[in-house]
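Values quoted throughout were computed directly from the atomic coordinates according to the rules given, and no laboratory measurement underlies them. Every value quoted in this text rests on a predicted model; they were computed, and no experiment measured them. So basically every Cβ, Gly included, is an ideal-geometry build from the backbone, and we count neighbours across all protein chains shown.
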Amino acid sequence: MTFWKILIILAEGAGYTILVTIAAMVAGLAVGLLTAVLSRLHRKYVDIFLDVYKYIFRSIPVLVILFLVYFGLPGIGIRVPPFLSMVVSLGLVSGAYLAEIFRGAMAAVSNNEMMAAEAAGLKRTQIFSHIILPQMFRMSVPGMINEFTSILKYTPFAYTVGIPEIMKAAMTLAAMTLRGLEIYLAAGIIYFVIYKGFIMMFAAVEKKFHIPGLLVE
Amino acid sequence: MALIEVKNLIKNFDGKNILRGVNMELHEGRSKVVMGPSGCGKTTLLRCLNLLIAPTAGQIIFKGNDITRPGVDIRRLRQDIGFVFQHFALYSHLTVEENVTLGLRKIKKMKKKDAVEKATYELERVGMFDHRNKYPAQLSGGQKQRAAIVRALAMDPAVMFLDEPTSALDPQMSREVVTVINKLYLDNITMLCVTHDPFLAKYISDSIVFMHEGVVVAEDIAERLFYDHDDPRIRQFFLSVIDHR
C-alpha cells in the first residue's frame, strides 16, 4: 500500500472531521453568543448561572463531557446519537470560551459610541444589533480563529463514540497493516491541510470585514 | 415661548452637588454657549437636558412639555436633539455615510435611497462628501467632528447640543470645525454649546452663559463677558482662557 493510497483512505474520514468541526463551531457560536448576550442583562441569578456554566465547561476535559453525554445520559434514559453527542459536547465547551472572547470584545466597544447612539434615540436592541454586535464580531475574530482551530484539534475524540472520522480510519488501518508511522503521518498531513483550509477561509472572511482602526491586529 | 426652559435644575452625584439650581432659557433660532471652569457642571447640564443623565430636581421644559415628569418618551425627545460629543463618538465600524444614514433609517425609518440622498446633501454642506466612504479611523480630528455634526444635523433636530466640539482638536482643525458651526449659526440653527474655547464661543453665539460651581452666574454677549467683567470669577476665567490662546 503506497503512502498516496493511505492518504486517500484517510481522506474519506476527513468529511466527518470537517462536518463535526463546522457543526461544533456553529453550536459554539450560538452558545457563546447567547451567553454573552445574557451576561449583558446583569441579572444576579443569570450571571451566577453563566459563571458556573463557563467555569465548569472550561475546567472539564472535552472527552469527559463527551463520555458523559454519550455513555452517561443513556443511564437516565436519554440516548444521544454519536454525531449529536460530539457537537453538543464541543459546542458547550467552545461556547464557554467564546462567551469570554465575546465578553471582552463587547467591553472594548467604545462607551462614547453607545452614548452617542443612545443620545440619537436608538433603542437598546438597535444599539446592540447595529453598534455592539458588528464591532464585537470583528474584534473577536482572532479569538474565534483560535477557538475554531481548537475545535478541529478536539475532533479526533469523535472516534471514541464511533464516528468514522480521520483518526478512526487511521486506527483501523494501522491495526490491519501495522504501518503506524506512515498512517499517522498521513493523518497529521490531512489535519494540517484541513487546518490550513480553515485558516485561509477565516483570513478571507477577516479581510472582507476588515475595518481600518477597528480590528485587533 | 422658549424652546428649552430650565428651572432650578439640580443634579447630585454621590452627595456632591454638580448642578445647584440652574435657570436658563433657549429660544428657537438662537444660539447659546455655556462656559465656565472645569467641573462647573456644563457637560452635566447638557446631558441632563436630553436625559442622558437624570436630573435630581428641577424642571426642564422642552417645547412646552416638562420632560422631567415620569412617563416622558425619552427616545422621542432625543430625536429632537442633535448631540455632538467632544470625542466625536462616530461609530467606528461604519463609514461616514453609514454613520449619517443609520439614524435616518433606524429612527426616522427612511428608505436607504432617501437616507443616502439626505446624507449626501448634508455632507456636501460641510465639505465632507468626498470622505463619505471613509471609516472614522481614516479621518482627521476635524473631519471626524464635521462628520459627527452632519450625523446630528441630518436628523433635522429642533436643537443641536455641542459638548466641547473643538477641545480635542489642534488649532487648525478647530478652525475647520468653528467654520462649520458658524455656518449653522448663520443659518439660524438653534444651538446650545458647551466650550472652553472663546474663539468658538464668539463666532457661534448670540449670548454666553457663564457657570460657576453648578449655577449660572452671568449671561451676556461675548464682548461684555470676555474683557474686564465686574465679577472676578468671570474676569479670572476669561483672562486665563484668552491668554492661553
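Computed values, structure above
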| item | result |
| --- | --- |
| Where GluC sites (Glu not before Pro) fall in DSSP loop in region B:185-240, at most 16 other Cβ within 10 Å | B:E213 |
| Rg to Rh quotient for region A:157-217, alpha carbon positions, Kirkwood Rh | 1.25 |
| 19 Å cut-off, amide nitrogen to a point 7 angstrom out along B:N8 Cα→Cβ, residues in region B:193-237 | B:214-217 |
| Where the Cα pairs of region A:43-110 fall when distances are cut into 10 Å bins, in % | 20, 39, 29, 10, 2 |
| Dipole moment magnitude, nearest 20 debye, the protein assembly as shown about Cα centre, only Lys, Arg, Asp, Glu C-beta charged | 1340 debye |
| 222 nm mean residue ellipticity, helices alone, for the protein assembly as shown (DSSP H n ≥ 4; -39,500 (n - 2.57); rounded to 500) | -18000 deg cm²/dmol |
| Kyte-Doolittle mean at least 0.0, axial Cα span of 30 Å or more - DSSP H helices of chain A | A:3-39, A:82-108, A:180-208 |
| Kirkwood-Stokes translational diffusion coefficient of region A:3-208, alpha-carbon pairs, 4 °C, 1.567 mPa s, µm²/s | 69 µm²/s |
| Net charge dipole size for region A:3-208 [Lys, Arg +1 and Asp, Glu -1 on Cβ; Debye, nearest 20] | 160 debye |
| Values of log10 I(q)/I(0), in the order q = 0.07, 0.12, 0.15, 0.17 Å⁻¹, for chain B under a Debye, Cα-only, solvent-free model | -0.23, -0.68, -1.05, -1.30 |
| Sites B:D66 and B:Q138 - FRET efficiency at Förster radius 45 Å, r taken between beta-carbons, to 0.05 | 0.55 |
| Unit Cα scatterers, Debye sum, region A:1-116: log10 I(q)/I(0) for q = 0.19, 0.20 Å⁻¹ | -1.03, -1.08 |
| Whole-Å semi-axes of the ellipsoid equivalent to region B:65-143 (Cα gyration tensor, √5λ, descending) | 26, 16, 11 |
| Size of charge dipole - region B:159-215 - debye, nearest 20, with Cβ of Lys, Arg +1 and Asp, Glu -1, no other charges | 180 debye |
